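The next block holds one structure in the form of structure tokens; read it before the comments.
The values are calculated or read from the model by the stated rules, or taken from the named source; none is laboratory data. Fair warning: this is a prediction, and the values are worked out from it, not measured in the lab. No Cβ is skipped: glycine too gets one built from the backbone with ideal geometry, and neighbour counts run over all protein chains shown.
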């Protein structure tokens, strides 16, 4: 294999990106649909790796936490070039590029479904979230939207404005809701800092809280509509220590997703294992949804490592 060369992605690379994505994630890859939008984002970079003229790998990243943290995402290696040691030089170039533009970067964070991450002195596990994914057909979607199936939402849940979200982040009690001080939004691990609000809002479509008289709600959730190559997904991340509030958010988000998508889609819940029985009871037993095989028994893990090029 030829030695690797690296460069940043450009608009004209779209067709190569689509080709790289073929056969990856069984049609659940979001990258081809996000590529153009990501090129427009100010602090998001897409690194391409070439062997000769062949695109063999890709790594995207963006910077959060006031310039201290690199979030790694969308790591791709061409199926024909896997197992050849390409990941390490791709990550090293990414870290070097980040350091050259953001000298204060100290750490990298990333999420993965894979079990074979090697935890060392430099790489540590932060948190893990169970993933429950269910197929929702258009008929069920219509029944929910038209109110033919009553979801019995017992708590008033409301959408949060940007200002309200910013005020909530100023409330010290809110931070206790996030395990290890990590918020997972659209598979990206954020620290609950006000400086991250704009980045978080770029990753989610809706933010929900329970109705309360002040800016200290006891629950918050993030809902993201995420079209994939061959599917439509809705990603729901709920944070609350109160099971009743948690269930209300989950019910509200499911109804909201049906109203937004109005078609076949996959509803995904990212949650702590302690609420897995609650999630199963609502989605699998009450609503009679079928498990999406692609995400069956998946766990999303969050890791942190030193940013060393």
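Here are the numbers:
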| quantity | calculated |
| --- | --- |
| Qualifying residue in segment 82-95 (condition: surrounded by 15 or more Cβ atoms within 10 Å (Cβ to Cβ), touching a helix residue (DSSP H, G or I) at 6+ places or on another chain (Cβ under 6 Å) and in contact (Cβ under 8 Å) with a residue 24 or more places away in the chain) | no |
| Search result, residues across segment 244-294 that are assigned to a helix (DSSP H, G or I), within 14 Å of residue 139 (Cα to Cα) and out of contact with any strand residue (DSSP E or B) (no Cβ under 9 Å at 6 or more places or on another chain) | 255, 259 |
| Residue satisfying all of: in segment 111-127; closer than 16 Å to residue 73 by Cβ and modelled with pLDDT of 90 or more; surrounded by the most Cβ atoms within 10 Å (Cβ to Cβ) among these | 111 |
| Qualifying position, being within 20 Å of the chain's Cα centre (by Cα) and at pLDDT 95 or above, among 208, 178, 169, 165 | 208 |
| Residues satisfying the stated conditions in segment 32-76, i.e. part of a helix (DSSP H, G or I) and buried (at least 18 other Cβ atoms within 10 Å of the Cβ) | 32, 34, 35 |
| Check on residue 2, at pLDDT below 95, exposed (fewer than 15 other Cβ atoms within 10 Å of the Cβ) and either outside any helix (DSSP H, G or I) or touching a strand residue (DSSP E or B) at 6+ places or on another chain (Cβ under 6 Å) (or both) | yes |
| Helices (runs of 4 or more DSSP H) contained in segment 86-175 and holding at least 1 residues over 30 Å from residue 248 (Cα atoms) | 87-101 |
| Condition met for residue 303 (outside any loop (DSSP other than H, G, I, E, B), closer than 30 Å to residue 92 by Cα and touching a strand residue (DSSP E or B) at 6+ places or on another chain (Cβ under 7 Å)) | yes |
| Condition met for residue 235 (within 28 Å of residue 191 (Cβ to Cβ) and without any contact (Cβ under 8 Å) to a residue 60 or more places away in the chain) | yes |
| Lone qualifier among 266, 260, 238, 291 - being touching a helix residue (DSSP H, G or I) at 6+ places or on another chain (Cβ under 6 Å) and either surrounded by fewer than 21 Cβ atoms within 10 Å (Cβ to Cβ) or farther than 24 Å from residue 61 by Cα (or both) | 238 |
| Residues that are surrounded by 18 or more Cβ atoms within 10 Å (Cβ to Cβ) and closer than 27 Å to residue 54 by Cα, drawn from segment 96-110 | 97, 98, 110 |
| Subset tally (residues that are crowded, with 20+ Cβ neighbours inside 10 Å and more than 24 Å from residue 247 (Cβ to Cβ)) for segment 170-195 | 3 |
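For (1) in contact with a strand residue (DSSP E or B) (Cβ under 9 Å, 6 or more places away or on another chain); (2) more than 21 Å from residue 278 (Cα to Cα); (3) free of Cβ contacts under 8 Å to residues at least 12 places away in the same chain, each residue gets a yes or a no:
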site	(1), (2), (3)
135	yes, no, no
140	no, no, no
146	no, yes, yes
149	no, no, no
156	yes, no, no
161	yes, yes, yes
192	yes, yes, no
219	yes, no, no
222	yes, no, no
